[in-house]
Amino acid sequence: MTEAEMNEYRELLCRLKRNKENVPHDLLLTKYKKPYDELRGRIAKVTSQIMTDIVLFGWKIECDEANEVYAVINQEITESGILQEVNQAVYQDQDMDKVLNCAARLRILVHQRMKECGL
């Protein structure tokens, strides 16, 4: 991701934080539901892209290995509990640094598991 995209992500998290601090929760889920859901959806999309970019950075996945690689990644996500930590960092704390730390930890776990699997 580019620096501009990371800045945009930081701004999305700040907007979510401001909304949660300044607008009653019931209004976010009723009167402002559509823009609030759009904001959360955009954040989810960018978070997923950040996680993918960091975990797979510099790694060339051969077509014949793709299914195995993605199975290992999904297994590590499930077993490590990192997904819950990412959700906490995004939707409760609005903390980009925590998201990046989770992505870096997942990268290490995935690469260790790949070595164990001979991939």
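A short reminder: the numbers here are calculations on the coordinates, not readings from a lab. Keep in mind it's a predicted model, so treat the numbers as computed, not measured. All Cβ positions, even for glycine, are placed from backbone atoms using ideal geometry, and neighbour counts span all protein chains on display.
Which FRET efficiency, nearest 0.05, do residue 5 and residue 63 yield, Cβ-Cβ r, R0 25 Å? It would help to have the intermediate numbers written out before the result.
On the way: r = 27 Å, r/R0 = 1.10.
Calculated transfer efficiency: 0.35.
Would you mind telling me which residue in 23, 99, 46 has the biggest mean-square fluctuation in a Gaussian network model of the chain, where springs connect alpha carbons within a distance under 10 angstrom?
23
Which ³J(HN,Hα) values, rounded to whole Hz and listed in residue order, are derived for the range 22-36 from phi using the Karplus coefficients 6.51, -1.76 and 1.60 in 6.51 cos²θ - 1.76 cosθ + 1.60 with θ = phi - 60°, glycine and proline given as x?
Going residue by residue, I get 10, 10, x, 4, 5, 6, 4, 8, 10, 4, 9, 4, 4, x, 5 Hz, with x marking Gly and Pro.
Once phi is turned into ³J(HN,Hα) by the Karplus curve 6.51 cos²θ - 1.76 cosθ + 1.60 with θ = phi - 60°, what whole-Hz value does each residue of the range 70-80 show in order, with x for glycine and proline?
5, 5, 5, 4, 4, 5, 5, 4, 5, 6, 7
In whole Hz, with x marking every Gly and Pro, tabulate ³J(HN,Hα) for the range 50-62 from phi via Karplus 6.51 cos²θ - 1.76 cosθ + 1.60, θ = phi - 60°.
Once rounded to whole Hz, the list reads 4, 4, 4, 4, 6, 5, 9, 3, x, 9, 9, 9, 6.
Apply 1/(1 + (r/R0)^6) to the Cβ-Cβ distance of residue 14 and residue 108, taking R0 = 25 Å, and write down the FRET efficiency to the nearest 0.05.
It comes out at approximately 0.30.
Can you give the local net charge around residue 33? Use residues other than it whose beta-carbon is closer than 13 angstrom to its beta-carbon, Lys and Arg +1, Asp and Glu -1. Provide the component values of the computation, followed by the final result.
Working: positive: 31, 34, 40; negative: 26, 37, 38.
Spelling it out: positives minus negatives among the neighbours equals 0.
Set Lys and Arg Cβ to +1 and Asp and Glu Cβ to -1, take the dipole of the chain about its Cα centre, and tell me which of 67, 52, 119 lies farthest positive.
The residue sitting farthest along the positive end of the dipole is 52.
Using r as the Cβ-Cβ distance of residue 53 and residue 31, and R0 as 30 Å, what FRET efficiency do you calculate, to the nearest 0.05?
Calculated transfer efficiency: 0.30.
May I ask you to give the average projected area over all directions of the convex hull of the Cα atoms of the chain, in nm² rounded to one decimal?
8.2
If you add up the charges near residue 23, with Lys and Arg at +1 and Asp and Glu at -1, over every other residue whose beta carbon is less than 13 angstrom from its beta carbon, what do you get?
Working: positive: 15, 17, 18, 20, 31, 33; negative: 21, 26.
Cβ neighbours under 13 Å give a net charge of +4.
In nanometres, what is the gap between the two model label sites at residue 88 and residue 74, each 7 Å from Cα along Cα-to-Cβ?
Distance between label points: 2.5 nm.
Compute the label zone of residue 97 within the range 16-30: residues whose backbone N is under 20 Å from the point 7 Å along Cα-to-Cβ.
Answer for the range 16-30: 16-18.
Given Cα pairs under 8 Å that are at least 6 residues apart, what percent is the relative contact order of the chain?
Value for the chain: 33 percent.
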